[in-house]
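Here is the structure we will look at, set down as structure tokens.
Values quoted throughout were computed directly from the atomic coordinates according to the rules given, and no laboratory measurement underlies them. What you see is a predicted model; the values in this text were computed from it and never measured. Cβ placement follows ideal geometry from the backbone for every residue including glycine, while neighbour counts extend to all protein chains displayed.
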Amino acid sequence: MTNSPNGSISGSPVRTRQQGIMQKAFNMPKVKTNSSAKKRFKITGTGEITFQKAFKRHILTKKSKKRKRLMNKKGTVAHANTDFVKRLLRLK
């Protein structure tokens with residue numbers, strides 16, 4: 001190798017590794033949670049799945065106080081439906 005007039009070394013270039021470039025590999029597609037289910041259901045610390053009760057948004061004048069009060073409480077998903085809801089939430 002010889003020195004060029006501007007002071008750099010000429011000769012064969014040295015290959016350097018480029019950052020941020022990865023080899024393409026086939027990746028499995030990501031498993032997506034059902035968007036509507038994640039908005040409607042919550043998991044409690046004990047593992048129960050809860051949801052908000054329906055019919056509490058409007059037309060409340062004709063409903064009794066007791067009925068509206070019971071709709072304030074969280075509902076729990078029945079045992080028959082837990083497998084289905086867990087599959088929507090990708091817990092099973």
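A few notes on this one:
- Cross-link pairs exceeding 26 Å in C-alpha to C-alpha distance, out of Lys30/Lys53; Lys39/Lys92; Lys38/Lys73, comprise Lys30/Lys53.
- Selection from His58, Phe41, Asn81, by position along the positive dipole direction of region 36-82 (Cβ): His58
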